[in-house]
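Structure, as structure tokens:
The values are calculated or read from the model by the stated rules, or taken from the named source; none is laboratory data. For clarity, every value in this text was computed on a predicted model and none was experimentally measured. Cβ placement follows ideal geometry from the backbone for every residue including glycine, while neighbour counts extend to all protein chains displayed. Side chains included, ligands, DNA and RNA excluded: accessible areas come from the protein's heavy atoms. Shrake-Rupley method; radii C 1.70, N 1.55, O 1.52, S 1.80 Å.
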Amino acid sequence: MSSSIFCMDLESFNDLGDLADTFGYLTESIQGDSYVFVGSKLKLKCTLPDNMWMDGWSSKDISFYHSWPSNHKPDDFRCLEAQTSVDSQTSASVVVENVTLDDAGTYTCYVGRSNCSRQVVVGIGTDVFIEYPPHNVTNLICIVRDWTESMKCTWAHPVEYVDAKNMSVTLAIDTMMSKTGKECPHLTKTSCEWRNRQEFLAASKYYLQINVTNSRTHDVAEKLFTVETLKSVQPSPVTGLNVKESAVGCAKVTWSHRIKSRWLIFRVRHRAKQEEEFQVLANVTGKLENSEDGILSYTKCGLDPMTSHEFAVDCYPGGVSSGYWSRAQTTEITTAQTAPDEGPQITEGSYLSGPCSNGKRTVTLHFNDVREDARNGIITTVSVMVTESGKEIWRGPSDQYFATFQLGCERVVLQLFAHNKGGKSKVPSQITIPSADATGVPLLLQESFSVEMIREGNITTELRAVWHAFLKDGNSFPYSLTAFWCKRNWPLKECMGPIFWQLILSGNTSWPISANITDATDYLYGISLQNTSTQSSSQIFWTNCLYDKFSSYVPAPSSIELEPGSEEIKVRWSPVLCSYTMNTKVDGYIVKWQKDNSNEVVMEETVPNSVSSYSIEKLQADTPYLVTVQSKSSNQLGQQAAWMQAVTFKKTSSSYAYRLSIGLSISISLLVVFKICFLILFKRYCQKKKKVSKDIEKVQDLGKSWRPKPMTKSRISTAKKPYLLL
């Protein structure tokens, strides 16, 4: 493999004429290899023209340069000083041992007064092509379909040839070891097929010779393989695969196969719809000609209702044969619905109760979905039944999550059923609604219950229910609390969707709410009290108070009113209410006052947030004062209302007017009471006198035949005494 390679300086010259015009030298050819296999040796020789040698140039001045093909960077230009050797006074050679693909490209020789200098180009070269030598094919796999139908063999090349067009593959097959076998009827560079019984004779053993040839160099790699067809069988896929629910929770898989007379191993696998991997259930071995109607089956039980399942069946040659599993066939089934195991989730206290009127009241229950593993199907409706009478009092869609109906005012136990196509809940949920007079939440708990939030931007990161102690001394009982929350149906104070809850241990005045809530203002929050000794729970109290723990703005109270007296000023104000829109909770107010136009110290008094008035006492009479009220939240001072002026009364005139008004009030009250008593007594006297007159007239009408019986002593003592009208 040799050719003439002309060296060139790719950066400066385009053709030989440029060189002759510039230096007056004619280029000489370089002898060497232009097509080299990976791993072999590349040798190139550069000879100086006579006129260059006569001008004082010698072989010691020759340098070889290598540049990569055009897909490399233009500045990839390297000097091969270490691989260069002098052959004679006018020639030098470069030798590259153990060639790799990186050695492909253009080789150029130059002369210069120092090593690796490019003063004068000696010649122009062309690319040296590097290729892999032919390799024996590897990974031969032959698959015989259904023992006699067809055969396909595939293989791999251990290297990726640079120019695959120069590589050809041939295959010869025979039933005995010879070199006169038949050619492959359907051949590619990586496979051969015998597609039918005319092409594939189904011998028990075959010999395959596969040759790989380089068409440019005619180098050949050849390898002989042995194929035993009974060890290379791949059955065709099963046919008629089907699955049906044979009983509740049981799926029966049936299938057949076109090969009835050979032993086959059928592998049955299963996975639930959400699972990624199949699990092997069984290997069923047999001949279909021995089975009823040529059908085999396998039954799997223990499947949950209303769940989706996928079954896969493939087969493997049995008996003396071996080889490969067939392509798997799959089928799916969704099991039938059965009655839910449980009712909707609900807890004691998850209700609202209206006032009792004419022996009736309106009650609303709030509930959540049936637990997922207890649904056994698609829940469509929910019903409510009175436990004692068994009467259904409400039925509605399951995604409504609340039920409103009429009840009596007495205590009642209710059951909640979930319904699907399989029936109603096997075990219903239960809740007790106390009598109408026992459903209220203590007032102190209502007034103090609120929800504190911590936010980062508009994202809620923490929620906590907060309240004050609400049971007074001597009125304590064992209790527990339940915090509730639900998506709010704005702007109404109603739940939209399922309700959630969290039990709270007694003795606490705050509790973290473990809920995955992004924006706390989208939800309602409530609380219920349960007497653990009587197992009676109050209804839910929904709070209006949702506040930011680190709110930057606390508004001032409004509508400040001052009512002066002689030595006091009564201050009234409209409190700052905690709300969803304000998100601020005021826990107290600071009342401040001082004399007007004075340098006295401002006096102040702090009162709790439940107070909206305060009396400033022990003031000087007939003196102007300035008064204001400031709000506070936790330890943060809020805004302060504008100062207002009030003048206390003069002491004397105020005292006389006060005593006079009190005296007149008492006098008028006594006159009214006396008049009412006189009218009542006079009416009773008139009624008694009229009755006595009627009795006398009745006696006169009876005549002389009637005589009253004389009174004995005992009769006199037991006779009714006459009324005394005073």
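Some points to look at:
- Positive-end residue of V412, S168, N115, charge dipole of the chain with Cβ unit charges: V412
- FRET efficiency, E183 to R113 (Cβ-Cβ, R0 60 Å, nearest 0.05): 0.40
- Split the accessible area of the chain by element, probe 1.4 Å, and carbon with sulfur accounts for 52%.
- CD proxy at 222 nm, helix term only [per DSSP H run n ≥ 4: -39500 (n - 2.57); per residue of the chain; nearest 500]: -3500 deg cm²/dmol
- Couplings for the stretch 569-575, taken from phi via the Karplus curve 6.51 cos²θ - 1.76 cosθ + 1.60 with θ = phi - 60°, read 9, 8, 10, 10, 8, 8, x Hz in order; Gly and Pro are left as x.
- Shown are M385, M453, M176, M54, whose ranking by accessible area with a 1.4 Å probe and every protein chain present, most to least, is M54, M176, M385, M453.
- Summarising the amide proton neighbourhood of E494: residues at separation of 5 or more, or on other chains, whose placed amide H is nearer than 5 Å comprise N489.
- Dipole size of the chain about its Cα centre, with +1 on Lys/Arg Cβ and -1 on Asp/Glu Cβ: approximately 8480 debye, rounded to the nearest 20.
- Distance from the Cα centroid of the stretch 610-642 to that of the stretch 530-566 is 20 Å (rounded to whole angstrom).
- Rounded to the nearest 10 Å², the accessible area of R327 at probe 1.4 Å: 150 Å²
- Magnitude of the charge dipole for the stretch 245-312, about its Cα centre and with charges confined to Cβ atoms of Lys, Arg (+1) and Asp, Glu (-1), is about 340 debye.
- Counting only DSSP beta bridges whose two residues both lie in the chain, roughly 95 percent are antiparallel.
- The chymotrypsin sites (Phe, Trp or Tyr not before Pro) of the stretch 531-612 that DSSP puts in a loop, and whose beta carbon has at most 12 other beta carbons within 10 Å, are F550, Y553.
- Summing Lys and Arg as +1 and Asp and Glu as -1 over all other residues whose Cβ lies under 15 Å from the Cβ of S552 gives a net charge of +2.
- Cα-Cα pairs of the stretch 388-491 separated by more than 20 Å (percent): 63 percent
- Remark: spin-label model distance A336-F674 equals 9.5 nm, labels positioned 7 Å along the Cα→Cβ axis.
- Pairs from the list K570/K632; K260/K300; K43/K165; K360/K426; K570/K592 with a Cα-Cα gap above 23 Å: K260/K300; K43/K165; K360/K426.
- Around T404: net Lys/Arg minus Asp/Glu count, Cβ-Cβ under 15 Å: +2
- For the stretch 418-577, the fraction of alpha-carbon pairs in successive 10 Å shells from zero, as %: 8, 29, 29, 20, 9, 3, 1, 0, 0
- For the pair the stretch 505-528 and the stretch 251-282, the centres of their Cα atoms are 52 angstrom apart.
- Gain on full stretching of the segment that runs from L101 to T387 - 0.36 nm per residue minus C-alpha separation: 94.2 nm
- Computing FRET efficiency as 1/(1 + (r/R0)^6) for T623 and I666, where r is the C-beta to C-beta distance and R0 is 30 Å, gives about 0.40.
- The C-alpha atoms of the chain define a longest principal axis, and helix 651-702 lies at about 60 degrees to it.
- Dipole check for the stretch 461-572: with +1 at the C-beta of Lys and Arg, -1 at the C-beta of Asp and Glu, and the Cα centre as origin, the magnitude is about 360 Debye.
- R271 accessible area, assembled protein chains, probe 1.4 Å, Å²: 50 Å²
- The Kirkwood radius of the chain, taken over pairs of alpha-carbon atoms, gives through the Stokes-Einstein law at 20 °C and 1.002 mPa s a diffusion coefficient of 53 µm² s⁻¹.
- Tensor-based shape of the stretch 267-317 (alpha-carbon gyration tensor, a/c under 1.5 rounded, otherwise prolate or oblate): prolate
- Partners for K60 among aspartates and glutamates (Cα-Cα distance below 16 Å; same-chain residues under 8 apart left out): D50, E81, D87
- Local net charge near E372, Cβ-Cβ under 13 Å (Lys/Arg +1, Asp/Glu -1): -3
- Extension gain, S514 to E199, is 106.1 nm, computed as 0.36 nm per intervening residue step minus the present C-alpha separation.
- Per residue, the convex hull around the alpha carbon atoms of the stretch 231-271 comes to 97 Å³.
- In the distance distribution for the stretch 103-168, Cα-Cα pairs more than 13 Å apart total 77 percent.
- Loop-resident sites, the stretch 572-622, for GluC sites (Glu not before Pro), counting at most 13 other Cβ within 10 Å (DSSP): E600, E617
- Surface exposure of the chain, expressed per residue as accessible area with a 1.4 Å probe, stands at 57 Å².
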